[in-house]
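Comments concern the structure below.
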Protein chains: 2
Amino acid sequence: MNNKKTISGFSKLSKRGKIKWIVENFFKNPESVMRELASYWHSNEDQQKILDGFSENTISNFPMPYGVAPNFVINEKTYCVPMVIEESSVVAAASAAAKFWMSRGGFTTEILGMTKLGHVHFVWQGDIEILQSRFDDIKKKLLADTEDITKNMQARGGGIQDIILKKTSDEIPGSYQLLASFETCDSMGANFINSCLEQFAKSFKQFMLTDSAIPDKDRDVEIIMSILSNYTPECLVKAFVSCPVDELGNFPNGMSAQGFAKRFKDAIDIAIHDPYRAVTHNKGIFNGIDAVVLATGNDFRAIESCGHAYASRSGSYSSLSACSIKDGQFYFELIIPLSVGTVGGLTRLHPMAKRSLELLENPSAEELMQIIAATGLAQNFAAVRSLITTGIQQGHMKMHLQNILIQLKATEEESKRVISHFDDKVVSYSGVNQYLAEIRGLTVNS
Amino acid sequence: MNNKKTISGFSKLSKRGKIKWIVENFFKNPESVMRELASYWHSNEDQQKILDGFSENTISNFPMPYGVAPNFVINEKTYCVPMVIEESSVVAAASAAAKFWMSRGGFTTEILGMTKLGHVHFVWQGDIEILQSRFDDIKKKLLADTEDITKNMQARGGGIQDIILKKTSDEIPGSYQLLASFETCDSMGANFINSCLEQFAKSFKQFMLTDSAIPDKDRDVEIIMSILSNYTPECLVKAFVSCPVDELGNFPNGMSAQGFAKRFKDAIDIAIHDPYRAVTHNKGIFNGIDAVVLATGNDFRAIESCGHAYASRSGSYSSLSACSIKDGQFYFELIIPLSVGTVGGLTRLHPMAKRSLELLENPSAEELMQIIAATGLAQNFAAVRSLITTGIQQGHMKMHLQNILIQLKATEEESKRVISHFDDKVVSYSGVNQYLAEIRGLTVNS
């Protein structure tokens, strides 16, 4: 083990101290790396301090492209949707789908539920019927002891909805949970829910120590953990688009509207029945969803975990979207659980997230769920449309090549020659670099 | 519908033109928003042009905190792991777990497979036995027709591994797929695979039109789509940590090493058996994984889709990690499919991704998979350790409060008073803002 690569007390170093240690021990050109890291800092030091505070051991910013998809008509209101994503063609696809549906009635969305969940997991070897018989009083105590925590949320119309006692798994002897449901209004609610749950755990232990109905030998409850569930199948939103098949328009290579609708439905049905296809299909949906989640300072890992578990709820991983054609009407929908906030967390702390919410005219959490679902559906529509008509490589390779040409500072004349050369070849950075070098009369070590 | 909020030809506008339209139509204070968007641009115009090129309709950068977790010992090599994540406590947790295991043998990892997959989905109503009897020749033609595409990949040791014919689903009459497997070496391989598949589709159609064994009435094959699968259960990596239970050390509130090990295993077992817990549990794993995926310019949506589908492969969504205690030895492992690249895509185009790979000493894709898996396992260890000992709210709220205090430019004296006031209360931005205003003798409209 190279001792110069381990360190004690790293987090205590100043930001410059951290950078110095990193560049000196891991880079060949410490000074230029140090300059490059600093070049991504915000010019305003206070502003940068805010960004640094979001995480730990921060030495720079990783810039993600911030784009917008205009012309999103959702429930007859028009949005310009902010999207943060590093993958090319996602924003273009969402914009194209938004415009396509703008003249065909737009997106219609609906909130199907707003319930969030959390658990206190515990192990207890006593007679569960005794616990059940005392559960009304336990619940009363848990609600009373969290009044300080829930007061503000209740004033906003939310709070604890219910608490039940549930066996966690027959496989783990004595494992139970206090399963609590919550309404957290415009916040995602993680801090609120976790604070309630940790108090539940304390109060529950206390109850068990003192309640007269509990046998002395069973007074000890082992709390394993108290934590919200990111699985929120009842915090659910639906988005759909629909129009007469005849009005779908014409498609490349002479494909008719009827032919398109039929093949589109086939593609969706394949994603419903084949998990290997469903994963890629849903990944496309999340391309749109995560871009808005990121732009508004929400947590995409929570959204992803929940959405994919929901996609597997039947026992086989499946498509989150569905398509039908009935009486000449094309219908395409997405139903997805989305637990997001428009207050709390980073939503107002991250300066660009705050601007994203302003761009969306400061939506409620329910409205943001609907915007996100519509963007996911738009993304899915655009991706499947490409796949079943022209294929995706043509567009992808063109954009990838453009990126490489910018990177290699190709002149207009050089770019023309490269584009023509790679017309029938797979684009790669090393390939383009090599060919450009040939054009330029150089040799490169690739 | 407010017509000022829809636009035609937006993507054709210059960057300044786009920004102008957005700020004038969606913001109350157009000029200050325009200045703020510009304040996140890189000071070097060429550099910013590269960032803008990654996506479409880009108007600014969304800065994500770029941090590092030092002291990761993986297979006896020491890494300082770059992490891009907006959630507080993730980098701190990974760093703490890395240091904990550094003195207990570090992380051990192993590649279990590197196979990637892709499909040409088609619908065909002919006699499948005829197709099967001709499949050797079909395969020969597909391989021959993609030689131009596969040449470079073969030189690097990769290429097409196999192509088989498979029924997609009995639910969709006539639905089949050409299922191809690939080795894509150090690239994630999406462009390579999709280019091969689109050529397969063309060549397959051609074969069916001309081969003498195919009845004339069955010559038409409808290609639905040709696309890689992001589900790669055979592109798999394992990471584990292990040490004698006695050497786990001591934990808060007098918890012994034995008590800790037992409760840790209970917590993992709950995540194995309860999908509601598994979602949150795996979300924690992805906190670590996605942070490295992002930092190295890989695609976190692909990684998430694949990993969660893998978590549901038994028919019930479950934990990706597992724990055992046997003969006094604590063992904790993560097995996860991870399809990532260290060449191609954004890995070398994004300037900070390139630096991340340098910081990791330019790993191969296999090495990067192992680093990412170890980071995911570290994250999971740290999260579960917190949950079963002190709970997570104490740390979370402390950090969240710090962020809010920085944002509200609280002085040291004010911060002390706020921290003491919120010691037993739920921290919220509006609550802190309100209390700070009281301290400062102001009233706020919250």
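The values are calculated or read from the model by the stated rules, or taken from the named source; none is laboratory data. Computed from a prediction, not measured in an experiment: that's the story for all the values here. Cβ: placed from backbone, ideal geometry, glycine included. Neighbour counts: every protein chain shown. Heavy atoms of the whole protein, side chains included, go into the accessibility calculation; ligands, DNA and RNA do not. Shrake-Rupley method; radii C 1.70, N 1.55, O 1.52, S 1.80 Å.
Considering Cα pairs under 8 angstrom that are at least six residues apart, work out the relative contact order of region B:116-229 and quote it in whole percent.
On the way: 179 pairs, mean separation 51.7, N = 114.
Relative contact order for region B:116-229 comes out at 45 percent.
Between copies, B:Ile128 shows label-point distances of 4.4 nm, shortest first, with the point placed 7 angstrom from Cα along Cα to C-beta.
Just the number, please: Stokes-Einstein D of region A:3-52 in µm²/s, Kirkwood Rh from C-alpha pairs, 4 °C, 1.567 mPa s.
Details: Rh = 12.0 Å.
Rounded to a whole number, D works out at 108 µm²/s.
Grab the other residues whose beta carbon is less than 13 angstrom from that of A:Met397, score K and R as +1, D and E as -1, and report the net. Provide the component values of the computation, followed by the final result.
Numbers: positive: A:Lys398, A:Lys425; negative: A:Asp423, A:Asp424, B:Glu198.
Surrounding charge for A:Met397 is -1.
Region B:396-440: D in µm²/s via Stokes-Einstein (Kirkwood Rh, Cα pairs, 4 °C, 1.567 mPa s)? Mind showing how you got there, number by number?
On the way: Rh = 10.1 Å.
Estimated via Stokes-Einstein, D reaches 128 µm²/s.
Given a 1.4 Å probe and the protein chains as shown, A:Glu412 ends up with an accessible area of around 150 Å². P(r) tail, region A:307-446: Cα-Cα pairs separated by more than 22 Å, 63% of all pairs.
Chain B packed on chain A takes about 12900 Å² of accessible surface away from a 1.4 Å probe, both sides summed. Please give the helix B:90-102 orientation as an angle from the longest Cα principal axis of chain B, in degrees from 0 to 90, rounded to the nearest 10. For helix B:90-102, the angle is close to 90 degrees.
Can you tell me what the convex hull of the Cα atoms of region A:277-326 projects to on average, as an area in nm²?
Taking the Cα atoms of region A:277-326, their convex hull projects to 4.2 nm² on average.
Given contacts defined as C-alpha pairs under 8 Å and at least six residues apart, what's the relative contact order of chain B, whole-number percent?
Numbers: 710 pairs, mean separation 75.8, N = 446.
Relative CO of chain B lands at 17 percent.
Which of the peptides A:385-393, B:89-97, A:169-177 is most tightly packed, and how do the rest follow, judged by the mean count of other Cβ atoms within 10 Å per residue?
Most protected by this proxy first, the peptides run B:89-97, A:385-393, A:169-177.
Counting pairs of alpha carbon atoms under 8 Å apart in space and at least six apart in sequence, what relative contact order in percent does region A:24-99 give? List each step's numbers first, then the result.
Numbers: 68 pairs, mean separation 16.7, N = 76.
Relative contact order here is 22 percent.
The convex hull built on the alpha-carbon positions of region A:337-385 has an orientation-averaged projected area of 3.8 nm².
In a shell of Cβ-Cβ distance under 10 Å around A:Lys354, excluding A:Lys354 itself, what net charge do Lys and Arg (+1) and Asp and Glu (-1) give?
Numbers: positive: A:Arg348, A:Arg355; negative: A:Glu358, B:Glu36.
Neighbour charge sum, excluding A:Lys354 itself: 0.
Principal-axis analysis of the Cα atoms of chain B puts helix B:429-439 at an angle of about 20° to the longest axis. Over all projection directions, the Cα-based convex hull of region A:229-277 averages an area of 5.5 nm².
Give A:Lys265/B:Lys15; A:Lys5/B:Lys425; A:Lys77/B:Lys12; A:Lys4/B:Lys416; A:Lys265/B:Lys139 a once-over and call out the pairs whose C-alpha atoms are over 31 Å from each other. Let's see the in-between values first.
Working: A:Lys265/B:Lys15 37 Å; A:Lys5/B:Lys425 41 Å; A:Lys77/B:Lys12 24 Å; A:Lys4/B:Lys416 38 Å; A:Lys265/B:Lys139 28 Å.
Beyond 31 Å between Cα atoms: A:Lys265/B:Lys15; A:Lys5/B:Lys425; A:Lys4/B:Lys416.
Inter-chain neighbour count for A:391-402: the average number of beta-carbon atoms from partner chains within 10 Å of each residue's beta-carbon is 4. Position A:Gly17: other-copy label points at 5.2 nm, ordered by increasing distance, label point 7 Å along Cα→C-beta. For region B:175-318, the Stokes-Einstein estimate of translational diffusion at 20 °C and a viscosity of 1.002 mPa s comes to 109 µm²/s, using the Kirkwood hydrodynamic radius over alpha-carbon pairs.
Averaged per residue, what accessible surface does chain A expose to a 1.4 Å probe, in Å²?
On the way: 17230 Å² over 446 residues.
With the other protein chains kept in place, chain A gives 39 Å² per residue.
Straight-line cross-link reach from A:Lys409 at under 18 Å between alpha-carbon atoms covers these lysines, not counting any fewer than eight positions away in the same chain: A:Lys398, B:Lys49, B:Lys354.
Label point of A:Lys425 (7 Å along Cα→beta-carbon): distances to the other copies' equivalent points are 6.7 nm, sorted ascending. One equal scatterer on each Cα of region A:156-210, no solvent, Debye formula: the resulting log10 I(q)/I(0) at q = 0.19, 0.22, 0.28 Å⁻¹ is -0.78, -0.93, -1.13.
Over the C-alpha atoms of region A:13-160, the Rg to Rh ratio, Rh being the Kirkwood estimate, stands at 1.18. The value obtained for region B:116-229, namely the Cα convex hull volume divided by the number of residues, is 87 Å³ per residue.
Less than 15 Å Cβ to Cβ from A:Glu31, Lys/Arg counted +1 and Asp/Glu -1: what total charge do the surrounding residues give? Overall, the nearby charge balance is +2. Counting only alpha carbon atoms, the long axis of helix B:135-145 and the longest principal axis of chain B meet at about 70°. Hey, in the GNM for chain A with a 10 angstrom Cα cutoff, which one of A:Ile289, A:Ile19, A:Ile224 fluctuates hardest? With Cα springs under 10 Å in chain A, the top fluctuation among A:Ile289, A:Ile19, A:Ile224 is at A:Ile19.
Over region B:396-440, with every protein chain in place, what whole percent of the accessible area is carbon and sulfur at 1.4 Å, could you tell me? List each step's numbers first, then the result.
On the way: 1230 of 2530 Å².
Summing carbon and sulfur atoms, their accessible area is 49 percent of the total for region B:396-440.
The Kirkwood hydrodynamic radius of chain A, based on inverse pair distances between different Cα atoms, is 25.7 Å. Normalised by residue count, the protein assembly as shown yields a Cα convex hull volume of 179 Å³ per residue. Dividing the summed helix terms, -39500 (n - 2.57) for each DSSP H run of n ≥ 4, by the number of residues in chain A produces a 222 nm estimate of -15000 deg cm²/dmol to the nearest 500.
Charge dipole (Cα centre; +1 on Lys/Arg Cβ, -1 on Asp/Glu Cβ; no other charges) of chain B amounts to roughly 1200 debye.
Among B:Leu13, B:Ile50, B:Tyr40, whose Cα projects farthest towards the positive end of the dipole of region B:3-52, with charges put on the beta-carbon of Lys, Arg (+1) and Asp, Glu (-1)? Checking the options against the dipole of region B:3-52, the answer is B:Leu13.
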